[in-house]
1. Across the range 242-286, which residue is nearest to the chain's Cα centre (by Cα) among those that are within 11 Å of the ligand (Cβ to nearest atom) and surrounded by fewer than 24 Cβ atoms within 10 Å (Cβ to Cβ)?
2. Whether any residue in the range 292-301 is assigned by TED's automatic domain parsing to the domain that holds residue 211, closer than 10 Å to residue 250 by Cβ, crowded, with 24+ Cβ neighbours inside 10 Å and in contact (Cβ under 8 Å) with a residue 12 or more places away in the chain is what I want to check.
3. Where residues in the range 12-34 are among the aromatic types (Phe, Trp, Tyr) and not in a helix (DSSP H, G or I), which of them is nearest to residue 390 (Cα to Cα)?
4. Can you tell which of 145, 155, 132, 174 is farther than 30 Å from residue 364 by Cβ and modelled with pLDDT of 95 or more?
5. Where the second residue is modelled with pLDDT of 95 or more and charged (D, E, K, R) and the first is more than 11 Å from the ligand (Cβ to nearest atom) and lies in the range 52-72, which pairs have Cβ atoms under 7 Å and are six or more apart or on separate chains?
6. So, in the range 130-148, of the ones that are near the ligand (Cβ under 10 Å from one of its atoms) and buried (at least 23 other Cβ atoms within 10 Å of the Cβ), which residue ends up nearest to residue 199 (Cα to Cα)?
7. Identify, by number, the condition in (1) hydrophobic (A, V, I, L, M, F, W, C); (2) in a helix (DSSP H, G or I); (3) farther than 28 Å from residue 329 by Cα; (4) away from the ligand (no atom under 16 Å from the Cβ) that residue 151 doesn't meet.
8. Which residue, of 81, 96, is within 23 Å of residue 323 (Cα to Cα), within 24 Å of the chain's Cα centre (by Cα) and either of a type in the set (Gly, Ala, Ser) or away from the ligand (no atom under 16 Å from the Cβ) (or both)?
Amino acid sequence: SFGDDQAESEVRADDRQYVFHSWSAQAHIDPLPVATGRGATFWDYQGTEYLDFSSQLVNLNLGHQHPRLVAAIQEQAGRMATIAPAFANDVRGELARRIVQAAPEGFAKVFFTNGGAEANENAVRMARLHTGKRKVLSQYRSYHGSTSTAISLTGDPRRWPNDAADPAVAHFFGPYLYRSAFHARTEDEECRRALEHLEQVIVLEGASTIAAIIVETVVGTNGILVPPPGYLPGVRELCDRYGIVLIADEVMAGFGRVGTVFAVENFGVVPDLITFAKGINSGYVPLGGVVISEAIAATFDDRAFPGGLTYSGHPLACAAGVATFEAFEQENILAHVQDLAERVVRPRLEDMAVRHPSVGEVRGLGMFWAVELVRDPETREPLVPFNAAGPDAAPMNEVAAACKSAGLWPFVHFNRLHVTPPLIITEEDLVRGLGIIDQALEVADSHVRT
Ligand code: PLP
């Protein structure tokens with residue numbers, strides 16, 4: 001039952017007084033109290049319905065309150081709610097086996113963490129110990145987490161106030177044809193020049209100092225940048241040539257988001273380490289991890305791995321992970337994503353790009369799309385400046401507000417609107433949500449210079 005004003009005001013009051021929120025100036029936020037959610041929808045206390053096109057933080061792949069995940073957690077809680085990592089445990093072992101079996105050939109083991117940042121921290125730790133080198137290269141347009149090495153790897157402005165938390169990191173440009181750092185005009189040119197640039201960075205930073213290159217298989221928050229077909233195989237080749245470990249960060253792109261369990265399956269590349277979190281169990285219980293190649297796993301056969309976490313492989317989280325694999329199989333989730341992506345999302349977004357002068361480019365795959373908004377389609381000036389805040393960000397805030405008032409919760413980053421609904425979304429809801437975005441783009445159009 002909705003409309004309980006007292007319950008709502010208590011939730012709001014406790015939140016405002018006692019909860020310290022991520023990434024925020026605490027006096028300048030007003031978080032929406034959420035009453036409940038189901039599937040691709042959640043409701044506030046007034047019963048206002050939101051179609052969740054952000055999948056929360058692009059983690060809610062199986063939607064709110066998926067019965068199979070809820071039941072698995074309840075069953076596990078009744079049987080064995082927790083056990084330390086040093087013991088063997090049935091669901092932990094089963095989930096690790098399923099992950100390794102789903103990974104490309106050549107992977108051996110899984111190290112479990114509580115989330116994506118810890119996964120990247122530990123992947124880097126493994127790469128450093130395996131190679132005996134320290135430096136890590138990562139892309140400017142990237143997010144890898146907020147702990148010390150992960151925030152240093154991060155290319156986006158969230159790194160700035162944390163700069164050099166881990167000084168052994170250097171950044172490079174990845175491929176992004178729409179805003180090419182290489183003056184490229186075709187995807188092939190962009191791919192080739194991005195690889196030449198990366199090789200120069202390797203040579204100038206010193207191959208003998210570089211332990212790893214980390215890339216998001218498909219860059220997520222920083223633009224849904226789908227790499228050209230030859231790019232990741234080219235990075236793999238450079239890593240092999242210079243003795244560098246390749247880490248694929250699939251925290252956001254993995255577990256069905258792009259229509260496959262592992263995103264690398266789409267690009268013909270086998271990394272040495274794959275990090276995951278989010279979609280592994282839709283965040284019902286925090287879980288992340290590192291999938292480890294045979295060669296790197298072997299480094300720690302006779303040598304202790306100097307890392308661990310009290311909740312590594314937590315049974316409640318792993319039970320939800322096993323249930324995720326079962327849902328993928330029994331509910332044909334991957335086929336559903338691939339079908340809706342190409343039959344519904346791509347054509348509708350491409351049609352919006354033709355009709356709305358504010359749409360500079362649409363791009364993506366699976367349930368992972370970006371609508372990049374511009375003030376001027378000729379110069380490609382972004383609708384709001386890079387890292388815009390306050391009044392500078394107003395046009396994007398207006399677009400987001402138009403989505404919300406029409407019942408859609410959007411994912412907005414800089415000058416982009418991302419289309420990242422839960423993978424279980426129905427065709428009807430997907431079409432309705434895309435219709436809301438279509439309408440909201442008129443607000444963006446009104447800011448286009450004529
Ligand atoms: N890597 C990528 C690609 C992400 O998108 C995120 C989170 O958004 C992370 C790492 C960090 O994950 P977590 O917030 O679970 O630490």
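The values are calculated or read from the model by the stated rules, or taken from the named source; none is laboratory data. As the structure is a computational prediction, the values presented were derived from the model and not from experiment. Here Cβ is always computed from backbone atoms with ideal geometry, including for glycine, and neighbour counts include all displayed protein chains.
1. So, considering only residues that are within 11 Å of the ligand (Cβ to nearest atom) and surrounded by fewer than 24 Cβ atoms within 10 Å (Cβ to Cβ), the one nearest to the chain's Cα centre (by Cα) is 283.
2. Residues of the range 292-301 that are assigned by TED's automatic domain parsing to the domain that holds residue 211, as a first pass: 292-301.
Filter once more, keeping what is closer than 10 Å to residue 250 by Cβ: none.
Checking the range 292-301: not a single residue is assigned by TED's automatic domain parsing to the domain that holds residue 211, closer than 10 Å to residue 250 by Cβ, crowded, with 24+ Cβ neighbours inside 10 Å and in contact (Cβ under 8 Å) with a residue 12 or more places away in the chain.
3. Residue satisfying both the conditions and the ranking: 23.
4. Details: 145 fails: farther than 30 Å from residue 364 by Cβ; 155 fails: farther than 30 Å from residue 364 by Cβ; 174 fails: farther than 30 Å from residue 364 by Cβ.
Exactly one residue qualifies, and that residue is 132.
5. Once the first residue is more than 11 Å from the ligand (Cβ to nearest atom) and sits in the range 52-72, its partners that are modelled with pLDDT of 95 or more and charged (D, E, K, R) give 60/52; 61/257; 64/38; 65/38; 68/326.
6. This residue is 142.
7. (4)
8. Values: 81 fails: within 24 Å of the chain's Cα centre (by Cα).
The conditions single out 96.
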